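Below is one structure; the comments refer to it alone.
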Amino acid sequence: MSGRFLLDTNIVIAIFAGEPAVLERAAAADEVFVPAVALGELYYGARKSVRAETNIARIDDLATSAAVLGCDAVTAQQYGRIKNDLRTKGRPIPENDIWVAAVAVQHGLTVVSRDDHFADVANLPREVMVTWRHGQHPAVGACTAGAAALKKSPVLQADPPCAG
């Protein structure tokens, strides 16, 4: 996964879960960014969880160590264009994903996600990562190796929960 990437929430969750394929691909990227919208989704999910304090602390660590991209007037212009294009095509996608796409377009980044609906956004470079799903979790040793690969990345340095 070389290039400049913007991680969707589901990919950050995969990194937190220690998925080796995702960790290794993120570590091989030239640059990795996290949209502020994804942080919001992560904080929301953490507050609903039974381990809220632990999860919030993890996200706090990510927020301070990652290159986080917020929204501004240029992002809003992109958002309006993308949302209108999707409306005219009759292909709506979740609101937060429109913001993610707008940030990616604004900064010339490739969206990395597990969501196919980003394909409906015109001229949006994207990579869909479909790796292991429930019931296919790798061995902890593989997870630890993936965590070590990620630590080489200057952007995402939060330890996955299965890292030694």
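Observations on the model:
- Matching option when the condition is of a type outside the set (Asp, Glu) and in contact with a strand residue (DSSP E or B) (Cβ under 8 Å, 6 or more places away or on another chain), among Leu86, Leu69: Leu69
- Single residue of Ala63, Ala101, Ala67 found to be in contact (Cβ under 8 Å) with a residue 60 or more places away in the chain and closer than 23 Å to Arg25 by Cα: Ala67
- Sole exception among (1) at pLDDT 95 or above; (2) aliphatic (A, V, I, L, M); (3) out of contact with any Ser or Thr (no Cβ under 6 Å at 6 or more places or on another chain) for Val155, by number: (1)
- Single residue of Asp97, Asp85 found to be charged (D, E, K, R) and either more than 14 Å from the chain's Cα centre (by Cα) or in a strand (DSSP E or B) (or both): Asp85
- Pick from region 104-131, criterion assigned to a helix (DSSP H, G or I) and without any contact (Cβ under 8 Å) to a residue 24 or more places away in the chain, ranking: nearest to Leu86 (Cα to Cα): Ala119
- Flag for Ala57 being in a helix (DSSP H, G or I), among the small types (Gly, Ala, Ser), surrounded by fewer than 18 Cβ atoms within 10 Å (Cβ to Cβ) and touching a helix residue (DSSP H, G or I) at 6+ places or on another chain (Cβ under 7 Å): no
- Considering Arg126, Arg133, the condition of being closer than 18 Å to Ile11 by Cα, surrounded by 18 or more Cβ atoms within 10 Å (Cβ to Cβ), of a type in the set (D, E, K, R) and modelled with pLDDT under 95 is satisfied by Arg126 alone.
- Scanning region 66-80 for residues that are part of a helix (DSSP H, G or I) and exposed (fewer than 15 other Cβ atoms within 10 Å of the Cβ) yields a total of 5.
- Test: residue in region 12-28 that is assigned to a strand (DSSP E or B), closer than 19 Å to Arg126 by Cα and either touching a Gly at 6+ places or on another chain (Cβ under 9 Å) or without any contact (Cβ under 8 Å) to a residue 12 or more places away in the chain (or both): no
The values are calculated or read from the model by the stated rules, or taken from the named source; none is laboratory data. Note that the coordinates shown come from a computational prediction; the quantities given were computed from them, not determined experimentally. Every residue, glycine as well, gets a Cβ built from its backbone with ideal geometry; the counts of neighbours run over all protein chains shown.
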